[in-house]
Amino acid sequence: MAERKILAGHAVRRLRRTSGLTQLAMADALEISPSYLNLIEKNQRPLSAALMLRLAERFDFDPRKLGSDAPGGGLQGMRRRLADPLFADLNIDRSEIEEWLAAAPAGVEAFARAFDRMGEGGAQASPVEAQPVMKVRREIERWRNHFPDLDAQAEALADELRIATGDLYSALAERLRQKHQLAIRLLPGDVMPDHVRRLDLHARQLQLSEMLDAASRTFHAAFLIAEMEAKAEIDALVNGAGFADRHAERLFRRHLTSYFAAAVMMPYGRFLRACEASGYDPLLLQRRFGAGYEQVAHRLTTLQRVGARGLPFFMVRIDRAGQSSKRYAGASAAPMVEADSRCPLWAIHSAFDRASEIVPQLIELEDGERWFTLNRTVAGQSAGLRQGQAIFSIALGVKAEFAKPLLHARGLDLEKGDAQPVGLGCVSCTRAACTQRSAPPRGRMLRFNERERGLTPFEFVED
């Protein structure tokens, strides 16, 4: 980082304004001149390593926020938007985007907001479904999927319940009974064929399907407690998001309630210590906290407490058709999260053939960026014999430069070892001669030679 020129005027200016400081006051705190700070905020001077250290010490500034808090989500966020077919003929490269971010951050942010409001596809986006989901994802990303107030309250509740008994499910059931006059009742699958949870206020019961496993029963009990005991904190976060869309508001509320429930099951401090001691072993974390694999994977994307941060994981969940149903970037700024499609060479797909087995994979993107991913299938909620059980594949990943502490990465040369080249989906990938290519890249002219046939039917003109 010391060798790179980092232009982050937007981040420094935002930090100063949220701290309520003038340029003179902030310059004095950083031991630099106001004129030099002014040049930094205008992106006419880079941040030095020494200055970043002072920002971290005096303003609790996290250098990893430079990308995620950048206008339009920074380089990766803008690359995702400019991959839209609308801009295919412009061939905008990485250096042009970097220059735009440095020269006109406010203009970049304005473009990003206008593009997002159009729904990333205009008429193709459903006003009832796709757009609310996208709006909620943007709000979750703004928080980097870490909500400190919810974590603190959930951790305090978990400690209180732990004193009562070592069995969290029993402790949650007893709290519902004593504090809220609600009992938990398990019902046969044929009585609740289409639901896993129902709150019957007339009978004063939380009714759960017997099809739920132990981790899911604990989660749903914690979810109900979150609705009642963390309502004020959740309301504040929902109101602060300022959604005009009622559907987006309800989706965000569900996410926050689920977040609190997971934080009760996996309290921040104890969970982070277990992660570091175990090498972030998902299977050990499952057993220790009585959680499901997917719950652990999701929790790993939230570990961004100031002064006690975990590794910046991302998580993607897909079905057999490759459609994503969950995407959390956390603090990772992973381009695979934002991509509309995924490379078939990524083991998130081949994991379907190795049920319940963790498949580690070191991958390398076109720009040379390396990521270490853990890929594994999980079973969805069972609907009985009528519909069978849904199967999903989850990719849990972190930048290769951060992956050394991981149990599954031990013994690997993360920097120079063999890595699987992958793209962000065929239409966004310009790797030539890929035998898995199913479509030509956007903005590239196809090339034909009747005397030859290459490895792919979609040969194209390279830059």
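Could you tell me whether residue 215 is touching a residue at least 12 places away in the same chain (Cβ under 8 Å), over 13 Å from residue 147 (Cα atoms) and either in the same structural domain as residue 178 (by TED's automatic domain parsing) or crowded, with 22+ Cβ neighbours inside 10 Å (or both)?
On the way: touching a residue at least 12 places away in the same chain (Cβ under 8 Å): yes; over 13 Å from residue 147 (Cα atoms): yes; either in the same structural domain as residue 178 (by TED's automatic domain parsing) or crowded, with 22+ Cβ neighbours inside 10 Å (or both): yes.
Considered against the rule, which asks whether it is touching a residue at least 12 places away in the same chain (Cβ under 8 Å), over 13 Å from residue 147 (Cα atoms) and either in the same structural domain as residue 178 (by TED's automatic domain parsing) or crowded, with 22+ Cβ neighbours inside 10 Å (or both), residue 215 comes out as yes.
Can you find a residue that is in a helix (DSSP H, G or I), in contact with a helix residue (DSSP H, G or I) (Cβ under 9 Å, 6 or more places away or on another chain) and of a type in the set (S, T, N, Q) anywhere in segment 279-294? Break it down into steps so the answer makes sense when it comes.
We begin by selecting, within segment 279-294, every residue in a helix (DSSP H, G or I); these are 282-289, 293-294.
Filter once more, so that each one left must be in contact with a helix residue (DSSP H, G or I) (Cβ under 9 Å, 6 or more places away or on another chain): 282-286, 288-289, 293.
The next check asks that each one be of a type in the set (S, T, N, Q); those that pass are 286.
Within segment 279-294, one or more residues are in a helix (DSSP H, G or I), in contact with a helix residue (DSSP H, G or I) (Cβ under 9 Å, 6 or more places away or on another chain) and of a type in the set (S, T, N, Q).
Return the only residue of 372, 402 being surrounded by fewer than 21 Cβ atoms within 10 Å (Cβ to Cβ) and touching a residue at least 24 places away in the same chain (Cβ under 8 Å). It would help to see each step written out before you state the result.
Numbers: 372 fails: surrounded by fewer than 21 Cβ atoms within 10 Å (Cβ to Cβ).
Exactly one of 372, 402 is surrounded by fewer than 21 Cβ atoms within 10 Å (Cβ to Cβ) and touching a residue at least 24 places away in the same chain (Cβ under 8 Å), namely 402.
What do you reckon, is residue 241 of a type in the set (A, V, I, L, M) and modelled with pLDDT under 95? Write out each step before concluding.
Details: of a type in the set (A, V, I, L, M): yes; modelled with pLDDT under 95: yes.
In short, yes.
How about segment 143-196: which of its residues are assigned to a helix (DSSP H, G or I), at pLDDT below 90 and not small (Gly, Ala, Ser)?
To start, the set of residues in segment 143-196 that are assigned to a helix (DSSP H, G or I) comprises 148-164, 168-180.
From what's left, at pLDDT below 90: 162-164.
The answer is 162, 163.
Filtering segment 355-408 down to residues that are touching a Ser or Thr at 6+ places or on another chain (Cβ under 9 Å) and of a type in the set (Asp, Glu), which residue is modelled with the lowest pLDDT?
366
Working carefully through the options 229, 155, 139, 233, find the one that is among the acidic types (Asp, Glu), out of contact with any Ser or Thr (no Cβ under 9 Å at 6 or more places or on another chain), surrounded by 14 or more Cβ atoms within 10 Å (Cβ to Cβ) and not assigned by TED's automatic domain parsing to the domain that holds residue 261. Steps first, please.
Numbers: 229 fails: not assigned by TED's automatic domain parsing to the domain that holds residue 261; 155 fails: not assigned by TED's automatic domain parsing to the domain that holds residue 261; 233 fails: not assigned by TED's automatic domain parsing to the domain that holds residue 261.
Going through 229, 155, 139, 233 in turn, the sole match is 139.
Please give the strands (runs of 3 or more DSSP E) falling wholly within segment 305-370 in which 2 or more residues are in contact with a Leu (Cβ under 8 Å, 6 or more places away or on another chain). Don't jump to the end; show me each part of the working.
Working: elements: 314-318, 324-328, 359-364.
The qualifying strands (runs of 3 or more DSSP E) are 314-318, 359-364.
Going residue by residue through segment 19-33, is there one that turns out to be within 30 Å of residue 428 (Cβ to Cβ) and modelled with pLDDT of 75 or more? Steps first, please.
Pass one, segment 19-33, residues within 30 Å of residue 428 (Cβ to Cβ): none.
There is no residue in segment 19-33 that is within 30 Å of residue 428 (Cβ to Cβ) and modelled with pLDDT of 75 or more.
In segment 360-373, how many are more than 20 Å from the chain's Cα centre (by Cα) and either of a type in the set (D, E, K, R) or more than 15 Å from residue 424 (Cα to Cα) (or both)?
Taking segment 360-373 first, the residues more than 20 Å from the chain's Cα centre (by Cα) are 366-368.
Next cut, either of a type in the set (D, E, K, R) or more than 15 Å from residue 424 (Cα to Cα) (or both) only: 366-367.
Number satisfying all stated conditions: 2.
For residue 360, only one of the following conditions fails: (1) surrounded by fewer than 20 Cβ atoms within 10 Å (Cβ to Cβ); (2) under 25 Å from residue 92 (Cα atoms). What is its number?
Every listed condition holds for residue 360 apart from (2).
Hey, residue 97 hits all of (1) modelled with pLDDT of 80 or more; (2) of a type in the set (Val, Ile, Thr); (3) not in a helix (DSSP H, G or I) but one; which does it fall short on?
Every listed condition holds for residue 97 apart from (3).
Give all pairs with beta carbons closer than 9 Å in which a residue from segment 267-278 that is under 14 Å from residue 307 (Cβ atoms) meets a residue that is hydrophobic (A, V, I, L, M, F, W, C) and outside any helix (DSSP H, G or I); count only pairs at least 6 apart in sequence or on separate chains.
What qualifies is 268/303; 268/308; 269/308; 272/303; 272/308.
I'm checking my understanding of the structure. Among residues of segment 69-94 that are outside any helix (DSSP H, G or I) and crowded, with 21+ Cβ neighbours inside 10 Å, which one is modelled with the highest pLDDT? Spell out how you get there, then give the answer.
Here is the first cut: in segment 69-94, the residues outside any helix (DSSP H, G or I) are 69-70, 83-84, 91-93.
Next, only the ones that are crowded, with 21+ Cβ neighbours inside 10 Å stay: 70, 83.
Working: 70: 64, 83: 73.
Checked segment 69-94; the qualifying residue modelled with the highest pLDDT is 83.
Do we have any residue at all in segment 396-412 that's more than 19 Å from residue 347 (Cα to Cα) and aliphatic (A, V, I, L, M)? Steps first, answer last, please.
So in segment 396-412, the residues more than 19 Å from residue 347 (Cα to Cα) come out as 401-402, 404-405, 411.
Still in the list and also aliphatic (A, V, I, L, M): none.
No.
Condition check ((1) touching a residue at least 60 places away in the same chain (Cβ under 8 Å); (2) hydroxyl-bearing (Ser, Thr, Tyr); (3) within 20 Å of residue 139 (Cβ to Cβ)) across all residues:
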site: 289; (1), (2), (3): no, no, no
site: 303; (1), (2), (3): yes, no, yes
site: 316; (1), (2), (3): yes, no, yes
site: 320; (1), (2), (3): yes, no, no
site: 325; (1), (2), (3): yes, yes, yes
site: 330; (1), (2), (3): yes, no, yes
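In segment 405-438, what residues are hydrophobic (A, V, I, L, M, F, W, C), surrounded by 12 or more Cβ atoms within 10 Å (Cβ to Cβ) and in a loop (DSSP other than H, G, I, E, B)?
Step one: of segment 405-438, the residues hydrophobic (A, V, I, L, M, F, W, C) are 406-407, 409, 412, 414, 419, 422, 424, 426-427, 429, 432-434.
Filter once more, keeping what is surrounded by 12 or more Cβ atoms within 10 Å (Cβ to Cβ): 406-407, 409, 412, 414, 419, 422, 424, 426-427, 429, 432, 434.
If the condition is that a residue be hydrophobic (A, V, I, L, M, F, W, C), surrounded by 12 or more Cβ atoms within 10 Å (Cβ to Cβ) and in a loop (DSSP other than H, G, I, E, B), then 406, 412, 414, 419, 422, 424, 429, 432, 434 are the ones that fit.
Identify all residues within segment 186-213 that are of a type in the set (Lys, Arg) and within 32 Å of the chain's Cα centre (by Cα); write none if there are none. Write out each step before concluding.
Taking segment 186-213 first, the residues of a type in the set (Lys, Arg) are 197-198, 204.
If the condition is that a residue be of a type in the set (Lys, Arg) and within 32 Å of the chain's Cα centre (by Cα), then 197, 198 are the ones that fit.
Please give the number of the condition residue 314 fails out of (1) modelled with pLDDT of 95 or more; (2) over 20 Å from residue 116 (Cβ atoms).
Failed condition: (2).
The values are calculated or read from the model by the stated rules, or taken from the named source; none is laboratory data. No experiment lies behind these values; they were computed from the predicted model shown. Heads up, the Cβs are rebuilt from the backbone with ideal geometry, glycines too, and the neighbour counts pull from every protein chain shown.
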